[in-house]
1. Please give the charge dipole size of the protein assembly as shown, origin at the Cα centre, charges +1 on K and R Cβ atoms and -1 on D and E Cβ atoms. Round to the nearest 20 debye.
2. Determine the equivalent ellipsoid of the protein assembly as shown by diagonalising the alpha-carbon gyration tensor, then write out the semi-axes as square roots of 5 times the eigenvalues, largest first, rounded to whole Å.
3. Taking N as the number of residues in the stretch A:38-127, what value does Rg over Cα atoms divided by 2.2 N^0.38 Å take?
4. May I ask you to list the GluC sites (Glu not before Pro) in the stretch A:114-164 that are in a DSSP loop and have at most 11 other Cβ atoms within 10 Å of their Cβ?
5. I need the trypsin sites (Lys or Arg not before Pro) found in the stretch B:1-35, filtered to DSSP loop residues with at most 11 other beta carbons within 10 Å of theirs.
6. Pop out the carbon and sulfur fraction of the accessible area of chain B as a percent, whole number, probe 1.4 Å.
7. Compute the Rg/Rh shape ratio of the stretch A:2-198: radius of gyration over Kirkwood radius, all on alpha-carbon atoms.
8. For chain B, what is the accessible area per residue in Å², given a 1.4 Å probe and the full set of protein chains?
There are 2 protein chains.
Amino acid sequence: MKILIIGGKGTIGKKVTDHFIKENEVIVAARNSGDVTVNIEDSKAIEKMFREVGKVDAIICIAGEAKWASFNELSEEDYYIGIRSKLMGQVNLVRIGQGFLKPGGSITLSTGVLADDPVVRTASAAMVNGGIHSFAQAAALELEHGHRLNVVSLELVVDAYEKYKDYFQGHNPISMEKAINAYVRSVMGKRNGEIIRVYT
Amino acid sequence: MKILIIGGKGTIGKKVTDHFIKENEVIVAARNSGDVTVNIEDSKAIEKMFREVGKVDAIICIAGEAKWASFNELSEEDYYIGIRSKLMGQVNLVRIGQGFLKPGGSITLSTGVLADDPVVRTASAAMVNGGIHSFAQAAALELEHGHRLNVVSLELVVDAYEKYKDYFQGHNPISMEKAINAYVRSVMGKRNGEIIRVYT
């Protein structure tokens, strides 16, 4: 199977890449490194990436950012950081990526527990995650050629615990094995339009 | 109680207005009519509206649009119609409106069943609804002065059934009484950060 992993150099992405690379051809896309580079905020860069990579069996996105700040600090423009990157970046990956997906192929997007169970400073980050959940459920109804679209929504992962634990007080971090398995379930399973929540 | 209803001239808005006006001072804001006019896509117009209206006890928004089209027809720019209007329009109403809300006052936003149970042609509309759900849950954690923020998410209502029934095949429309009561629950109750789903 030929799998394109956008964000394959990140905390979660590198572990997901390490898993799939054992038995698949994996192309890693990242902003400044990897087999191909892409800035998902730019739909033209997404098109260019897909033309370089060609047809694939699975697209996994574990990329996209949003601004974290207290609600009273977040300006209107701050929300558009997440809108252009994590929200519309992933929407555009589906819009454009379906043209480079083999019949029966899958697209897996990434969000996080904030969509359902936010913490302070995440009005913008939660918003883009929730938007992706509803988008994916809707878009999945209309995919063609047996394509599938799912979203992996993870609780804080063990490998990011030290960095984020102060924001996620009382949250129980999940193992990297559980995180990886959520992506495996989306790519290797048959479900479509599923939000794969791994919160415990 | 002084209540500002943005979108108070719409199918649902006029019924909600008719209810609250019996025992409250209601100011209706709409795009081209009402007591004050506002285009919620424009945050400067939102500020101007609030300066005209002054301090209120409750803000209700039943406004905002998004483009409905098949997934393959929706361009990147089409998604930004809903992002600027229904998504960021409502975010900006909370950002700006909290400064014009009396202590203990409430803000009630509107989404719809598409956030949780989309139909075809709603990849963009569902997305903005889901974004508002997660935004409101997150922002509600940080409100000050006893302010509350809830979202009303309705199934197709009886008064819109004829217009939309072909899109919502198999959905059971809810009564206008149930729709009104969802807004009453948000304004008159004490809950904060709640998604008030009325789907049956």
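The values are calculated or read from the model by the stated rules, or taken from the named source; none is laboratory data. Owing to the predicted nature of the structure, the values given are computational and were not obtained by experimental measurement. Neighbour counts are summed over all protein chains in view; Cβ atoms, including those assigned to glycine, are modelled from backbone coordinates with ideal geometry. For accessibility, only protein heavy atoms count, side chains too; no ligands or nucleic acids. Shrake-Rupley method; radii C 1.70, N 1.55, O 1.52, S 1.80 Å.
1. Details: 48 positive and 48 negative charges, 41 e Å.
It works out to roughly 200 debye.
2. 38, 22, 18
3. 1.21
4. Qualifying residues, ordered by number: A:Glu144.
5. Taking the stretch B:1-35 and a limit of 11 other Cβ atoms within 10 Å, the loop trypsin sites (Lys or Arg not before Pro) found are B:Lys22.
6. About 46 percent, which is the carbon plus sulfur part of the accessible surface.
7. Here Rg/Rh amounts to 0.95.
8. Details: 8150 Å² over 200 residues.
Solvent-accessible surface per residue comes out at 41 Å².
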